[in-house]
Amino acid sequence: MRGAETADEFLAQAAGGRAGADGDGEFGDDDDDIRGLGTSASITGGHRPTGTWFAERAQYIPLRLTYEERKFLRLLESALHVTEYTDKIDVLVYSNKARRVVGQIKEICAIVSGLLLAADYKAGQELFQDRDFESNAEFFQDIFELGRRHKIMNPEKMRDTYGKLIYMLQDSQIPEVKELLQFTCVKPIRTVHGVLSEGGGLALLHDDLVAFATMEIVSEAGKTRAAIQAEIKKKERAIEVLVRKYASKTLSGETIRQCLYSIGDNHAFLRTNRDPCDQMIEYLKTHFDSKRPERGFSLAIQSGRDGARLTHGHEKQYQYVMQSLSLWREVLHDMFMLWTFAENDLLEDGNYYRLRDTGQGLNRVQSAPRVSRSMHGILHRAQQRVGSWVGSSVIHLGDHNVPNALMFIDKYTQIHRILLPITTTLAKIPALKAADANVAAYLDTTFGTTAELTKTVLADFFRHAFDGSGADNFFDAGSCIDGRLTSAWNWCQTLEKKPYFPVFLLTGFTGFDGRFE
């Protein structure tokens, strides 16, 4: 029996259990209706047609690494771990910088070559026997590209090596370095859109089944194992239907699967990074009135009190918090696009940097026109969404606060590290009280009901994570776009002094910063 050609046929076959060639239903009678899973409205937000949304987003979604590429990634990470690139390059000395850069780049390439030879002697011999670095330019470009691609897809990875990699590639674009090196280290990132375009398969992105094939399956409270297995089967079936429909001589089935999995990875990124902003916005709307403060839970702050550097009444602070969270949400929603623009700005020919003491050591100060334009567009969108704007709308980029696009990306990929522990702790409080009567008695005696404890934590966060603190002047912190994040990080540093800190520890909290791997 032929596979379903359209989403309607797929839905009909899934609901009717007519997938098997022998007439037996592939999906059981107890399975949830597939119409409730991964609909286009839930994925795109209902603002644009599914195909348009996927086609636009796929331009910035990096392609997931293959098994073979992951072997090379380990070689690259090992080489970057042992190199002292920035220690030797970003220093104030008067020797020839271009020669120092070339020497360091060749050292990294030599380390990668040696590691490849040790890991796979035959492959290493084929690449490097009687050949110089210039002859293997394509190999090194591929190695460096897959490292960049892996980092964008996994911001929590390569936290101590990505900076070295991107600064090395930035230096490799200097004309004098290119002339001495005799090859370029940079190539464009492989994206889902680019791969499908090369294979003539862009029509796949406009197929309604992509929403089902890339939907994220999450183990939520109350969802049975049978329901999860049913969702997995339906997702796998949608993938196979798309593979049969769009595979060709120029676009293999495995490449299609890789593209679909990459889009799914993007959904996972949004859930982990963007959704905590949505949860905090919902907490703000649910537990606090925008006009009238509840006794004991006012959001009002006053400059000079409890470290605050801004003075806002309850209503003004409510709007200030709402617009900050809304802006963060928009930034994280478009993070892959911003990251693409950031790398384009960092690695652009002719966009040179200056090594300056920014007050936090020597940093590379470089303009980022693409990121700046995009951020102003995102800010305008956030302003329209929330209405009136409280505070400054200055975006620091290419100055001593945010020296370059790399620092910008690093700053905004930290948002979920701040918000996720808070939403996780609040979500675990009911289960924590239900599991241990003694803990429940302690929490009730100290903080009151679950709702009161939740509002205690939220009120403190909404007041003092958005109070302009974290720097010694209004230009570096205050109410500017980047200063809001500075204040939030400052609140994180004071958490252990809060009376409710034991609640975080009881729910498994270990810290905000994560692991550097």
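The values are calculated or read from the model by the stated rules, or taken from the named source; none is laboratory data. Values in this document were obtained by computation on a predicted structure and should not be read as measured data. Here Cβ is always computed from backbone atoms with ideal geometry, including for glycine, and neighbour counts include all displayed protein chains. Just so you know, the surface numbers come from the protein's heavy atoms only, side chains and all, with ligands and any DNA or RNA stripped out. Shrake-Rupley method; radii C 1.70, N 1.55, O 1.52, S 1.80 Å.
Any chance you could count how many residues in segment 272-291 are without any contact (Cβ under 8 Å) to a residue 40 or more places away in the chain, in contact with a helix residue (DSSP H, G or I) (Cβ under 9 Å, 6 or more places away or on another chain) and open to solvent by 40 Å² or more (accessible area, probe 1.4 Å)? Show your work before the answer.
Here is the first cut: in segment 272-291, the residues without any contact (Cβ under 8 Å) to a residue 40 or more places away in the chain are 275, 282, 285-286, 289-291.
Filter once more, so that each one left must be in contact with a helix residue (DSSP H, G or I) (Cβ under 9 Å, 6 or more places away or on another chain): 275, 285, 289-291.
From the residues that got through so far, the ones that are open to solvent by 40 Å² or more (accessible area, probe 1.4 Å) too are 275, 285, 289, 291.
Adding up the residues that qualify gives 4.
Would you check if there is a residue in segment 126-143 being under 29 Å from Ile409 (Cβ atoms), crowded, with 21+ Cβ neighbours inside 10 Å and touching a Leu at 6+ places or on another chain (Cβ under 8 Å)?
yes
Table: residues versus (1) open to solvent by 30 Å² or more (accessible area, probe 1.4 Å); (2) over 17 Å from Ile481 (Cα atoms); (3) in contact with a Cys (Cβ under 8 Å, 6 or more places away or on another chain); (4) in a strand (DSSP E or B).
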{"position": "Pro293", "(1), (2), (3), (4)": "yes, yes, no, no"}
{"position": "Ser303", "(1), (2), (3), (4)": "yes, yes, no, no"}
{"position": "Leu327", "(1), (2), (3), (4)": "no, no, no, no"}
{"position": "Leu332", "(1), (2), (3), (4)": "no, no, yes, no"}
{"position": "Ala342", "(1), (2), (3), (4)": "no, yes, no, no"}
{"position": "Leu379", "(1), (2), (3), (4)": "no, no, no, no"}
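I'm trying to understand the selection: among the residues of segment 202-245, which are assigned to a loop (DSSP other than H, G, I, E, B) and either closer than 23 Å to Arg57 by Cα or in contact with a Leu (Cβ under 7 Å, 6 or more places away or on another chain) (or both)? Quick ask: steps written out before the conclusion?
In the first step, residues of segment 202-245 are kept if they are assigned to a loop (DSSP other than H, G, I, E, B); the result is 207-208, 214-224.
Asp207, Asp208, Thr214, Met215, Glu216, Ile217, Val218 - these are the residues of segment 202-245 that are assigned to a loop (DSSP other than H, G, I, E, B) and either closer than 23 Å to Arg57 by Cα or in contact with a Leu (Cβ under 7 Å, 6 or more places away or on another chain) (or both).
Which one is farthest from the chain's Cα centre (by Cα), of the residues in segment 61-88 that are in a loop (DSSP other than H, G, I, E, B) and modelled with pLDDT of 90 or more? Lay out the reasoning, then the answer.
Within segment 61-88, the subset in a loop (DSSP other than H, G, I, E, B) is 61, 63-66, 83-84.
If we keep only those that are modelled with pLDDT of 90 or more too, we end up with 61, 63-66.
Values: Ile61: 11, Leu63: 15, Arg64: 14, Leu65: 17, Thr66: 20 Å.
Only one residue tops the list, namely Thr66.
Here is a list: Ile256, Ile281. Which entry is closer than 25 Å to Ser469 by Cα and β-branched (Val, Ile, Thr)? Before you say what the answer is, go through the steps one by one.
Working: Ile256 fails: closer than 25 Å to Ser469 by Cα.
Every option except Ile281 fails the conditions.
Could we say that Arg354 is surrounded by fewer than 20 Cβ atoms within 10 Å (Cβ to Cβ), of a type in the set (Lys, Arg) and under 30 Å from the mean Cα position of the chain (by Cα) here?
So Arg354 fits the description; yes.
With the checklist (1) open to solvent by 70 Å² or more (accessible area, probe 1.4 Å); (2) among the basic types (Lys, Arg); (3) more than 22 Å from Lys187 (Cβ to Cβ) in hand, flag the one item Lys106 doesn't pass.
If we test Lys106 against (1) open to solvent by 70 Å² or more (accessible area, probe 1.4 Å); (2) among the basic types (Lys, Arg); (3) more than 22 Å from Lys187 (Cβ to Cβ), just (3) comes out false.
On the given criteria, is Ala368 open to solvent by less than 20 Å² (accessible area, probe 1.4 Å) and small (Gly, Ala, Ser)?
Yes: the conditions hold for Ala368.
Among the residues of segment 228-271, how many are touching a helix residue (DSSP H, G or I) at 6+ places or on another chain (Cβ under 6 Å), of a type in the set (Phe, Trp, Tyr) and under 30 Å from Tyr412 (Cα atoms)?
So the count comes out to 0.
Whether any residue in segment 306-318 is assigned to a loop (DSSP other than H, G, I, E, B) and among the aliphatic types (A, V, I, L, M) is what I want to check. Steps first, answer last, please.
The first filter runs over segment 306-318 and keeps only residues assigned to a loop (DSSP other than H, G, I, E, B), leaving 306-311, 313.
Going one step further and asking which of them are among the aliphatic types (A, V, I, L, M), we end up with 308, 310.
So far as segment 306-318 goes, yes, one or more of its residues are assigned to a loop (DSSP other than H, G, I, E, B) and among the aliphatic types (A, V, I, L, M).
So, of the residues in segment 397-426 that are of a type in the set (Ser, Thr, Tyr) and within 22 Å of Gln170 (Cβ to Cβ), which turns out to be surrounded by the fewest Cβ atoms within 10 Å (Cβ to Cβ)? Can you show your working first?
Narrowing segment 397-426 to residues of a type in the set (Ser, Thr, Tyr): 412-413, 423-425.
When the remaining residues are screened for being within 22 Å of Gln170 (Cβ to Cβ), the result is 412-413.
On the way: Tyr412: 21, Thr413: 18.
Ranking the qualifying residues of segment 397-426, first place goes to Thr413.
So which of Ile232, Ile217, Ile189, Ile239 is in contact with a strand residue (DSSP E or B) (Cβ under 6 Å, 6 or more places away or on another chain) and either among the β-branched types (Val, Ile, Thr) or more than 30 Å from Gln173 (Cα to Cα) (or both)?
Values: Ile232 fails: in contact with a strand residue (DSSP E or B) (Cβ under 6 Å, 6 or more places away or on another chain); Ile217 fails: in contact with a strand residue (DSSP E or B) (Cβ under 6 Å, 6 or more places away or on another chain); Ile239 fails: in contact with a strand residue (DSSP E or B) (Cβ under 6 Å, 6 or more places away or on another chain).
Exactly one residue qualifies, and that residue is Ile189.
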